[in-house]
Amino acid sequence: MKKNAIYLMLALSAILISCSSDDSDNTEVSVTINSPVLVFSGTIEMAYLKSQSADPKCFLDLTTGKVYKVSEGAANTGNIDLTWGSRAMTPDQKYLVSPDDDFIFFTNGGSADLWQDFSLYAGWNARNIVRYWDFSKTNFDAVQTNADFDAFAEGINATLPYVAFEGTQSQLQRPILFETSRGEKHYIGVLKFTASNVNARTANYTIKLRSI
């Protein structure tokens, strides 16, 4: 009888421990979902003509919101996810481009004054692979938590290496989903421009990064 009683107590203890673990796991998931998104903001400069800007701050780290000059790019290749520049073939077209793209900013016979691929990425030993997708949703400001982010970006997949951005009012209304990585760690976020002055070749942005 004593042995049976001991076995029964051990079995009950195991059940209680198991239930306790389940409660802990559920609480942890809840905290993660309700964690606030990371928010960054700043100003980026467009790389267009070298004669107008000899060292534009046209590179952006989407995981920290930090901008880099062209001269700082080679020393920070692992941190740069986006370049804002003008397509060499048709300078009136402006693009937000993943560093791994080698088409948008390159053309044979282009003006020597244009910032092109070979000068923007001179000395780089690697380029991050980033994908974007712009879409129509208007409640960007209401995204405060991971759960808000998931609802906001539901059904959207980032698939393109570049997105057109010329600072038009319609483009300012469209948030841009992005996906990038740092080693084995994956990041997903939304980039939205709040103002743009194409004549001054600048734009203000806000990034909301989902905690993973």
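Could you tell me which of the residues 108, 204, 157, 199 is touching a Ser or Thr at 6+ places or on another chain (Cβ under 6 Å) and outside any helix (DSSP H, G or I)?
204
Residue check, residue 65 against (1) assigned to a loop (DSSP other than H, G, I, E, B); (2) farther than 20 Å from residue 129 by Cα, all met but one. Which one?
(2)
Tally the residues that are of a type in the set (D, E, K, R), in contact (Cβ under 8 Å) with a residue 24 or more places away in the chain and either closer than 17 Å to residue 122 by Cα or surrounded by fewer than 19 Cβ atoms within 10 Å (Cβ to Cβ) (or both), restricting the search to the range 44-69.
The number of residues fulfilling the criteria is 2.
Going through the range 172-193 one residue at a time, which ones are more than 11 Å from the chain's Cα centre (by Cα), assigned to a strand (DSSP E or B) and loosely packed, with under 13 Cβ neighbours inside 10 Å?
Selection gives 185 alone.
Considering only residues of the range 111-136 that are outside any loop (DSSP other than H, G, I, E, B) and of a type outside the set (Phe, Trp, Tyr), which is farthest from residue 60 (Cα to Cα)?
114
Which residues, taken from the range 137-154, are among the charged types (D, E, K, R) and either farther than 20 Å from residue 33 by Cα or assigned to a strand (DSSP E or B) (or both)?
Within the range 137-154, just 137 meets the criteria.
For the range 56-96, name all the residues that are modelled with pLDDT of 95 or more, out of contact with any Ser or Thr (no Cβ under 9 Å at 6 or more places or on another chain) and of a type in the set (S, T, N, Q).
Selection gives 64, 71, 76, 77.
From the residues in the range 70-110 that are over 15 Å from the mean Cα position of the chain (by Cα) and of a type in the set (D, E, K, R), which one is surrounded by the most Cβ atoms within 10 Å (Cβ to Cβ)?
94
On the given criteria, is residue 196 modelled with pLDDT under 95, of a type in the set (Ser, Thr, Tyr) and open to solvent by 60 Å² or more (accessible area, probe 1.4 Å)? If you could, list the steps in order and put the result at the bottom.
On the way: modelled with pLDDT under 95: yes; of a type in the set (Ser, Thr, Tyr): yes; open to solvent by 60 Å² or more (accessible area, probe 1.4 Å): no.
Criteria not met by residue 196.
Given the structure, is residue 211 surrounded by fewer than 20 Cβ atoms within 10 Å (Cβ to Cβ), at pLDDT below 95 and part of a helix (DSSP H, G or I)?
No.
Condition check ((1) closer than 30 Å to residue 91 by Cβ; (2) among the aliphatic types (A, V, I, L, M); (3) in contact with a Gly (Cβ under 7 Å, 6 or more places away or on another chain); (4) touching a residue at least 40 places away in the same chain (Cβ under 8 Å)) across all residues:
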residue	(1), (2), (3), (4)
137	no, no, no, no
145	no, no, no, yes
152	no, no, no, no
162	yes, no, no, yes
168	yes, no, no, no
206	yes, no, no, yes
212	no, yes, no, no
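The values are calculated or read from the model by the stated rules, or taken from the named source; none is laboratory data. Everything quoted here is computed from the prediction, not taken from an experiment. All Cβ positions, even for glycine, are placed from backbone atoms using ideal geometry, and neighbour counts span all protein chains on display. Side chains included, ligands, DNA and RNA excluded: accessible areas come from the protein's heavy atoms. Shrake-Rupley method; radii C 1.70, N 1.55, O 1.52, S 1.80 Å.
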